[in-house]
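Every number in this text was worked out from the coordinates using simple rules, so none of it is lab data. The structure displayed is predicted, hence computed values, not measured ones. Note that each Cβ is placed from the backbone with ideal geometry, even for glycine, and that neighbours are counted across all protein chains shown.
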Amino acid sequence: MKNLADIPVVILAGGKGMRIREAAGEIPKPLLTVGDYSLLEHSLIPLRHAGVKKFIISVGFRGDLIKDYLGDGKKYGVNIYYKEETHPLGDAGAFKFSYPRKSETVLLTNADEIRVGLDLEKMLVFHEEKEGLTTMAVIDQPDIENHGIAEFDIENRITKFLMNPHRDETDSRSANVGLYFIERDVLKYFPQGHCMMKDVLKELVKTKRIYGFPFKGVYFNVGTPDILRKANQYLKRLK
């Protein structure tokens, strides 16, 4: 079995966060404080606790502030490296640009999401057992119109991926939480230049080698001031 300490994480932190600009001001969205930590730290710290040691952070808008804030990772007990976009690549394009040359398996996540209750070791075991190209973490969400929603077969193979569907389009409530184990062979399904992950996921469904790992817990995609407020309220209650 692979070890989480040997699998690098790519964190996408290059977006401008236009929907939450009124709350972020001139700082990049990944540095917004939620509870006691920045959004980026809400990704980094749980992954470090799970055993991850190497982080590659894709930066763009105000990337200098992110570099100054996180540094080389020593204060977190990890190694942090940076890949900087010279022009917008989209989330999937930024991931392809950041994919480390010597790694077969990579963990991909976004810098604006908070997940509570995800067992990363169990997810890695699941990913290896399925021998797929990609495993996506999913969680039950009643509010499907604001999420990417996956449908599955009995093997947890994803058979359909819908972006922000209406309730009458699907019976599934399994929402993508923006965290994936990905094998290098996936890169051939990424177009050149600017590309979005939602489009790549729909192409991967056709391979019949993309799986969903369901977990029970809490998930926030902190893309709007209202979700930021709800995340802060939740973290206050945890304390």
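Taking the dipole about the Cα centre of the chain, with the C-beta of Lys and Arg at +1 and of Asp and Glu at -1, give me whichever of Ala13, Gly73, Asn232 is farthest to the positive side. The Cα lying farthest towards the positive end belongs to Gly73.
For segment 71-95 versus segment 135-155, the inter-centroid distance based on Cα atoms is 27 Å. Lys and Arg at +1, Asp and Glu at -1: add these up for the other residues within a Cβ distance under 14 Å of Phe215 and post the number. It works out to a net charge of 0.
Positive-end ranking of Gly63, Val52, Pro100 along the dipole of segment 50-108, with charges on Cβ about the Cα centre, is headed by Val52.
Suppose a student asked you for the relative contact order of the chain, using Cα pairs under 8 Å spaced at least 6 residues apart; what percent would you report?
After rounding, I find 24 percent.
Derived scalar couplings between HN and Hα for segment 134-148 equal 8, 10, 9, 6, 9, 9, 5, 9, x, 8, 6, 6, 10, 9, x Hz in order, rounded to whole Hz, by the Karplus curve 6.51 cos²θ - 1.76 cosθ + 1.60 (θ = phi - 60°), x for Gly and Pro. Overall, the anisotropy analysis places the chain in the rounded class: the square-rooted eigenvalues a ≥ b ≥ c of its C-alpha gyration tensor yield a/c less than 1.5. The residue list Leu187, Phe220, Pro142 was ranked by how far each Cα lies along the charge dipole of segment 134-239 toward its positive end, using unit charges on Cβ atoms, and Phe220 comes out on top.
For the chain, the dipole from Cβ point charges (+1 on Lys and Arg, -1 on Asp and Glu) about the Cα centre works out to 440 debye, to the nearest 20.
Net charge around Asn3, counting only other residues with Cβ within less than 12 Å of its Cβ (Lys, Arg = +1; Asp, Glu = -1)?
Details: positive: Lys2, Lys53, Lys54; negative: Asp6, Glu121, Glu128.
Local charge sum for Asn3: 0.
Among beta bridges from DSSP that stay inside segment 4-238, the antiparallel ones total about 55%.
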